[in-house]
């Protein structure tokens, strides 16, 4: 077993200074400290995979064996690290030790060489933690290019030397190494009571484009020092991801690399070994935690100026409500109207009507709910358009945060879905991503 | 029966002069003359529904009874004119006389009042042609606002007085009155041989945004002076639309108003009353004609700088090939890469993998086919990425027209789908559509 190493070795320049150009609202989303799960250390280094020399290799390593679970993209072009991590979990759900991640190159659609490279990433990590088949691998970045394996291998070895249990130098570096087009690192941690004791969770997510998950999503991991039996951990993760990372959309494109994993190392006294109220409390805590991370991804949506909560109510089922939310959240016309602060609610109806779920147009209501607590604004009530006060609509659309409530009027099911607007900046970023 | 009236009364200013700012390529798409089907007259007037005072009421009227067929949007929020035109066709497929269209207001999501208004449009037209239930109605423009019925009614009466069988003053005015965010009128006509005789077709389409049909599409009509039995006309139209208007996408949003109708008045000697080679020739001619009109819509895609043909080959079925094409054509990441002239073909694979069809990633090939006849550029061959000559890729991506060939390697089915890029201008147009 390796020793805890709190030495902070920062690779390359610290990125903090580059966040100063962000809005105050976005700066407030950056974590500056945290209570982290016991027995985990993290690091992030610059291995020069990225042209801009920012950090691009992240490790999280546990000193104790972890139960593990993950959800993966359902894209049929599954990236090599997805295939390899699935294989790892199929053989080992009880004694995992590490998650190794690189940004800058997705190792997706890379044919046979890609698989070889992803396995090599795993074996380098396995060798360092001295446990075979104990590492999950993730990659993010440009599709269709092979990993620079010399940089990857030396980067992993360097990052391993830099592991730290601290916020600065450890976790924050890892979060920075996850970034691609992200404008800020997405790191969260917290401590929670359960079974008369306490446990902790930490998580990192990345993603600002190619975000529209289904079954699984973008790149992220969560770790906890609770012990959770592998099958319960998988069940809780699936539940949580369905209501968090699978309930966000930036641009409707689903990545080839989407992966969310969770490791539970039992470093605390909290133990979840059977279903029941303790399991449910853990699951709901994990869900709330995942929602917080997922919302950070939307807040950093490429070029986004708005954070929009679609609250679909009155659905016949959770699934149909979610399908409607997912469809509306990808409508270019809805998203450009939000950008233009235009209360063009007819586009919301047009998108809902095209979503594929059963609706009765004469029962549908659409409302803007301002996030400052002021009065709601009805746009359509049971299929009949309201005389909309355009000045009031503009007032609400000026706010960065907006809730759009769509009541289907059919049942009791509801869901929340988070999305952003479609802006000139999105087109600029994605018209010129590779260069 | 009303008399043929060739008097041209032009309402408001002629729009031709405003097309001078268009690129030479787009100006070349504007029809300046045509041979039109016998017995049809058309007109377009400005009834001041549009704030900009451009033409907004279009009529096409036949002096002979027409067999009629149509395909409509499958959006569950069906606009009032869609509901009313379906009702008309359910009762009368044999003796239709007119299509009346307004732009500037879609009469969609307008509740009970909307239905009353669409029926009133029909009855005003029916009264003018002196045949009950003989008019199809279409509306396009902003959703969620009621029609200004006084302007609509006087506009229809005025347009009726202006009907003409000529290109200028008749058909061209009608095509202009179809425009919303369109930058040029979409009018086509032609004369074709069949059964040792000749028949003619003419058609008008509109649409530049909210374009991603399914089963039916945008707004357009075709007329012919062949006689075609109603059930064969519907069959031919469904076949044609599936391969034309249903094979285009601009922004992935499906309108509440999509309608394509066809009227056949038998003014020529060509008669199609049974299936067989004559029917098939007519059907294929109608399909080619519809493809031409549909391509005009994509050429005028809001803000578009590229005209892209997605050629999906090697599919197991026509349906699966089309599903893949439809999905790729709506990917914001694919479309922004095309705008940025970035050969980021990994995004094409990611989108294909998310399209929902069965694929085998190791059999998929992706190729850029330049439209100037120069050499093809392989990007991926049977799942393995090629070493791409980026200079050559840039050369191909500089061209306005591009063919992307995706070979699924699974079967013999193929389809072509037409789409455009996603640009800053698209965001500008749709961030501020209503004002």
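Summary table
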{"quantity": "Candidates B:308, B:297, B:262, filtered to the one that is assigned to a strand (DSSP E or B) and either out of contact with any helix residue (DSSP H, G or I) (no Cβ under 7 Å at 6 or more places or on another chain) or under 18 Å from residue B:206 (Cα atoms) (or both)", "calculated": "B:262"}
{"quantity": "Qualifying residue in the stretch A:236-249 (condition: surrounded by fewer than 19 Cβ atoms within 10 Å (Cβ to Cβ), away from chain B (no Cβ under 14 Å) and closer than 23 Å to residue A:89 by Cα)", "calculated": "yes"}
{"quantity": "In the stretch A:324-336, the residues that are at the interface with chain B (Cβ under 7 Å from one of its Cβ atoms) and over 18 Å from residue B:424 (Cβ atoms)", "calculated": "A:331"}
{"quantity": "Test set (1) buried (at least 20 other Cβ atoms within 10 Å of the Cβ); (2) in contact with a helix residue (DSSP H, G or I) (Cβ under 9 Å, 6 or more places away or on another chain); (3) away from chain B (no Cβ under 14 Å); (4) more than 18 Å from residue A:329 (Cβ to Cβ) - residue A:396 fails condition number", "calculated": "(2)"}
{"quantity": "Where a residue in the stretch A:136-165 is at positive phi and its partner, wherever it lies, is in a helix (DSSP H, G or I), with Cβ under 8 Å and at least six apart", "calculated": "A:144/B:346; A:144/B:349"}
{"quantity": "Check on residue A:305, more than 8 Å from chain B (Cβ to nearest Cβ) and at pLDDT 90 or above", "calculated": "no"}
{"quantity": "Subset tally (residues that are farther than 25 Å from residue B:389 by Cβ, touching a strand residue (DSSP E or B) at 6+ places or on another chain (Cβ under 9 Å) and within 13 Å of chain B (Cβ to nearest Cβ)) for the stretch A:112-146", "calculated": "2"}
{"quantity": "Residues that are without any contact (Cβ under 8 Å) to a residue 60 or more places away in the chain and within 29 Å of residue A:336 (Cβ to Cβ), drawn from the stretch B:282-315", "calculated": "B:291"}
{"quantity": "Residue that is surrounded by the most Cβ atoms within 10 Å (Cβ to Cβ) [pool: residues in the stretch B:182-209 that are in contact with a strand residue (DSSP E or B) (Cβ under 9 Å, 6 or more places away or on another chain) and not in a strand (DSSP E or B)]", "calculated": "B:207"}
{"quantity": "Among (1) more than 14 Å from every other protein chain (Cβ to nearest Cβ); (2) assigned to a helix (DSSP H, G or I); (3) without any contact (Cβ under 8 Å) to a residue 60 or more places away in the chain, the one test that residue B:169 misses", "calculated": "(3)"}
{"quantity": "Meets criteria (out of contact with any helix residue (DSSP H, G or I) (no Cβ under 6 Å at 6 or more places or on another chain) and either part of a loop (DSSP other than H, G, I, E, B) or surrounded by 24 or more Cβ atoms within 10 Å (Cβ to Cβ) (or both)) for residue A:50", "calculated": "yes"}
{"quantity": "The one condition in (1) farther than 30 Å from residue B:341 by Cβ; (2) touching a residue at least 12 places away in the same chain (Cβ under 8 Å) that residue A:336 fails to fulfil", "calculated": "(1)"}
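Table: residues versus (1) facing chain B (nearest Cβ under 9 Å); (2) over 25 Å from the mean Cα position of the chain (by Cα).
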residue: A:338; (1), (2): yes, no
residue: A:341; (1), (2): yes, yes
residue: A:349; (1), (2): yes, yes
residue: A:359; (1), (2): yes, yes
residue: A:364; (1), (2): yes, yes
residue: A:369; (1), (2): no, yes
residue: A:376; (1), (2): no, yes
residue: A:384; (1), (2): yes, yes
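Let's see how each residue does on (1) within 14 Å of chain B (Cβ to nearest Cβ); (2) without any contact (Cβ under 8 Å) to a residue 24 or more places away in the chain; (3) in contact with a helix residue (DSSP H, G or I) (Cβ under 7 Å, 6 or more places away or on another chain):
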| site | (1), (2), (3) |
| --- | --- |
| A:387 | yes, yes, no |
| A:391 | yes, yes, no |
| A:401 | no, no, no |
| A:405 | no, no, no |
| A:412 | no, no, no |
| A:417 | no, no, yes |
| A:421 | yes, no, yes |
| A:425 | yes, no, no |
| A:431 | yes, yes, yes |
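The values are calculated or read from the model by the stated rules, or taken from the named source; none is laboratory data. Computed from a predicted model, the values in this text were never measured in an experiment. Note: ideal-geometry Cβ built from the backbone for every residue, glycine included; neighbour counts use all protein chains shown.
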